[in-house]
Amino acid sequence: MEYPQGFYSYTKNIGIKDKTLDFAVIYSDVLCQATAVFTKNNFPGAPIIVGKEHIQNGKLQAIVINSKNANVATGERGIQDSKNICKTLADSLGIDEKTVLPSSTGVIGVPLPIEKILNACKDVKNNLIKGSLESVAQAIMTTDKKPKIFSKKIYSNISKKYGLIYGIAKGAGMIEPNMATMLCYILTDFNLPQDKLYSILKKSVDYSFNCLSIDSDTSTSDTVALLCSGYSGEIEESEFRVALDEVCQNLVSKIAADGEGATKLILLDILSARDELQARKIGKSILNSPLIKTAVYGGDPNWGRIIMAIGKVFDEKIQYENLQVRFGNIEVKGANPQKLIEMANYLKQNTEINIQVELKEGDFSMRFWGCDLTEGYVQENAYYTT
C-alpha cells in the first residue's frame, strides 16, 4: 500500500488491553500544516481540552493515541496526564510538545495507566516505521470489528505531481457526531493555504461524519484531524475538496457498517428538501428511530415507521400527499400486500439498505449513514465494562 510522504508510525501493546495493539503514534518528519474539529459534548475528554490548545497555531508534527481508556471525567489529573504524554513524546522525538495532538478512546471515568503510556512514549524515536499506517488503524480500535482505512491518489495540476490523502478512523458505538466521529486522522502530502484548511475540513465533515449515527449518542472524545506534509506541493482547493469528501464518506460508510452488533448498513437519502436544516432534522429523526432500525434488522416492511419519524419532527410540517418513500426501488407508501412481500425480501436479502424519502419541499438533497439495531448492540453495551 502507498502512503503519503513524510509520515511514520509506531504501534505497540503496552498492557492496557490484554493482547492486541493499544498504543499508537503518527509522526511527520516535517512540521505539518494542520487543523482539527472536536466533539461538542459538554464534557469533553482531557485530550480534547489539550488538543484544542495545541492546534491553535495550525501546526502539528505528531499524534499519540491510546485505546481502551478515554481519559474523560478524570478532572485536572486527566488534563495533566495528557500534557505529560505530549511532553514525553515530544522529548523523545525532539519536537515541540505543542505540536503533539493527544487522543484517547475507551471507557469513561477511569484514570489513565499513565506510567505505561509514558514509558511507551520514551521508546518511540528508535522504533518508528515509515508508513505502515494499517497498524495504527488496528491500535485505535475498541469495539470495532474491522480497521477502517481509505486512501485516494490524486494528481495536482499545480505541482504536476501525484499525492495521497490517507484516512484512518475508528468507531462502532456511542456515535452520533456533532462535528466528527470517534477518532479520525487524515494525512496528505499536499499543501493547502493555512487559512483555508479549517473550512475545507469542516465542510467535508459536515457532509460525512455529521451525517452519521449508530446509536444517537455523541461521544466525549470525537476528533478529526488533518495533517499536510507538503511533499507533493500545492493543489487546487477544488481538487482537494472532491478527494477529501470521497475519503471521509468512505470512512463513514465503513463505520456505519461496523456498528456494534450491526448486520446491515443503512443509506438514507433525503431528497427535495427545503434546505439543509430541514434535511438534517428529518434525516436524523429517521436514522435514530429504534423502531426503524429494528424493522430493518428483522426484515419487517413496516413502512409506517418512516412516516412516524417524519411526523415527529414537529416544526417541519411536511405534506403527506407529497411524500414519496422508497426501499431500494420499491415505492412503499400505501403498499399493497405484494409490495409488502417485495419490501420484506429486499430488507432480508441485502446487507446494504437504501431508503429514499422525497419531501417535495425544495431542491436540496442529502445522504445519511446508519445501521440496524440488533441483540448484539444490547449485549455489547449491557456488559461493556464488566
Is one or more of the residues making up the stretch 317-334 surrounded by fewer than 18 Cβ atoms within 10 Å (Cβ to Cβ) and aromatic (Phe, Trp, Tyr)? yes
May I ask you to list pairs of residues, at least six apart or on different chains, whose Cβ atoms are under 6 Å apart, with the first in the stretch 104-128 being under 26 Å from GLY171 (Cα atoms) and the second being assigned to a helix (DSSP H, G or I) and not acidic (Asp, Glu)? SER104/PRO47; ILE117/ILE85; LEU118/THR88; CYS121/THR88; CYS121/LEU89; CYS121/SER92; VAL124/SER92
In the stretch 3-41, the residues that are modelled with pLDDT of 95 or more and of a type in the set (S, T, N, Q): GLN5, SER9, THR11, ASN13, THR20, SER28, GLN33, THR35
So, of the residues in the stretch 362-379 that are open to solvent by 70 Å² or more (accessible area, probe 1.4 Å) and out of contact with any Cys (no Cβ under 9 Å at 6 or more places or on another chain), which turns out to be farthest from ILE175 (Cα to Cα)? ASP363
Over 18 Å from VAL110 (Cα atoms), over 20 Å from the mean Cα position of the chain (by Cα) and open to solvent by less than 20 Å² (accessible area, probe 1.4 Å), is that true of ALA90? yes
Can you find even one residue in the stretch 94-103 that is under 16 Å from ASN13 (Cβ atoms), hydroxyl-bearing (Ser, Thr, Tyr), open to solvent by less than 70 Å² (accessible area, probe 1.4 Å) and not in a loop (DSSP other than H, G, I, E, B)? no
Output the number of the condition that SER67 fails; it satisfies all remaining conditions of (1) open to solvent by 60 Å² or more (accessible area, probe 1.4 Å); (2) closer than 21 Å to PRO44 by Cβ; (3) touching a Ser or Thr at 6+ places or on another chain (Cβ under 8 Å). (1)
When the stretch 109-149 is examined, which residues are found to be open to solvent by 60 Å² or more (accessible area, probe 1.4 Å) and assigned to a helix (DSSP H, G or I)? GLU115, LYS116, ASN119, LYS122, LYS125, ASN126, ASN127, GLN138
Taking the stretch 54-71 and keeping only residues that are in contact (Cβ under 8 Å) with a residue 12 or more places away in the chain, outside any strand (DSSP E or B) and farther than 11 Å from ILE117 by Cβ, one is left with HIS54, ILE55, ASN57, GLY58, ALA70
Within the stretch 150-177, track down each residue that is in contact with a strand residue (DSSP E or B) (Cβ under 7 Å, 6 or more places away or on another chain), of a type in the set (Gly, Ala, Ser) and surrounded by fewer than 24 Cβ atoms within 10 Å (Cβ to Cβ). SER151, SER156, SER159
Any idea how many residues of the stretch 282-296 are in contact with a strand residue (DSSP E or B) (Cβ under 9 Å, 6 or more places away or on another chain), assigned to a helix (DSSP H, G or I) and either of a type in the set (D, E, K, R) or surrounded by fewer than 21 Cβ atoms within 10 Å (Cβ to Cβ) (or both)? 2
If you take just the strands (runs of 3 or more DSSP E) that sit entirely in the stretch 153-236, which of them hold at least 3 residues that are touching a Lys or Arg at 6+ places or on another chain (Cβ under 8 Å) and within 21 Å of PRO102 (Cβ to Cβ)? 162-170
With respect to ALA46, determine if the residue is open to solvent by less than 10 Å² (accessible area, probe 1.4 Å) and more than 26 Å from GLY131 (Cα to Cα). yes
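The values are calculated or read from the model by the stated rules, or taken from the named source; none is laboratory data. Given the structure is predicted, the values throughout are model-derived calculations rather than measurements. Note: ideal-geometry Cβ built from the backbone for every residue, glycine included; neighbour counts use all protein chains shown. Each accessible area value is taken on the protein alone, full model and side chains, heavy atoms only, with ligands, DNA and RNA left out. Shrake-Rupley method; radii C 1.70, N 1.55, O 1.52, S 1.80 Å.
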